[in-house]
Amino acid sequence: VSGSGFIQQARLIDSANVSTKPDLQLWLFDHPITMDVDNAVFTPTDDELLRLGAIIAFPTSAFVVGDATSGADGNSVCDAQDLRIPFALASGDTELFGVLVVRNAYVPVSAERFDIRLKIKD
């Protein structure tokens with residue numbers, strides 16, 4: 001990522017395939033923010049919110065199963081397409097910083113992983 005552009009697509013790959021899917025949001029900042037620990041309440045400061053560039057939703061209803069034959073060891077995918085979210089980084093910055101926030105009573109599977117890929121166009 002360099003300077004500015006548009007986020008066109010965001011894809012979230014969940015390493016687990018459980019019956020209750022998470023309701024997630026990806027909060028993107030143009031600067032690192034302070035996070036205490038995993039599973040803590042998400043409480044960004046006013047200054048951090050000024051650096052917020054986008055919030056991308058990965059709603060429960062949008063998840064599709066990638067490998068249904070493996071039970072909880074399978075995977076699922078959630079795609080957010082046609083976004084066209086503009087962003088501009090501070091001079092000299094080359095990275096966006098993301099925080100994945102869960103909005104429902106989701107219980108993660110042991111060693112579950114969430115991978116996120118952004119499609120960006122300058």
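The values are calculated or read from the model by the stated rules, or taken from the named source; none is laboratory data. Quick caveat, the model's predicted, so the values are computed rather than measured. Glycine also receives a Cβ, built like all others from the backbone with ideal geometry; neighbour counts cover every protein chain displayed. Note: areas computed on protein heavy atoms with side chains; ligands, DNA, RNA excluded. Shrake-Rupley method; radii C 1.70, N 1.55, O 1.52, S 1.80 Å.
The figures follow:
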| read-out | value |
| --- | --- |
| Flag for Val107 being loosely packed, with under 15 Cβ neighbours inside 10 Å, among the hydrophobic types (A, V, I, L, M, F, W, C), without any contact (Cβ under 8 Å) to a residue 12 or more places away in the chain and not in a helix (DSSP H, G or I) | no |
| Failed criterion for Gly66 (all others in (1) under 17 Å from the mean Cα position of the chain (by Cα); (2) without any contact (Cβ under 8 Å) to a residue 60 or more places away in the chain; (3) closer than 18 Å to Phe114 by Cβ hold) | (1) |
| Filtered residue count, region 18-39, keeping only those that are out of contact with any strand residue (DSSP E or B) (no Cβ under 9 Å at 6 or more places or on another chain) and among the basic types (Lys, Arg) | 0 |
| Count - residues of region 67-95 that are at pLDDT 85 or above, charged (D, E, K, R) and either assigned to a strand (DSSP E or B) or farther than 19 Å from Gly53 by Cα (or both) | 1 |
| Tally of residues being part of a loop (DSSP other than H, G, I, E, B) and polar (S, T, N, Q) across region 1-43 | 8 |
| Residue count for region 19-41, restricted to those that are over 14 Å from the mean Cα position of the chain (by Cα) and either open to solvent by 30 Å² or more (accessible area, probe 1.4 Å) or more than 21 Å from Phe63 (Cα to Cα) (or both) | 14 |
| Some residue of region 44-51 being open to solvent by less than 40 Å² (accessible area, probe 1.4 Å), farther than 12 Å from Val101 by Cα and either assigned to a loop (DSSP other than H, G, I, E, B) or touching a Lys or Arg at 6+ places or on another chain (Cβ under 9 Å) (or both) | no |
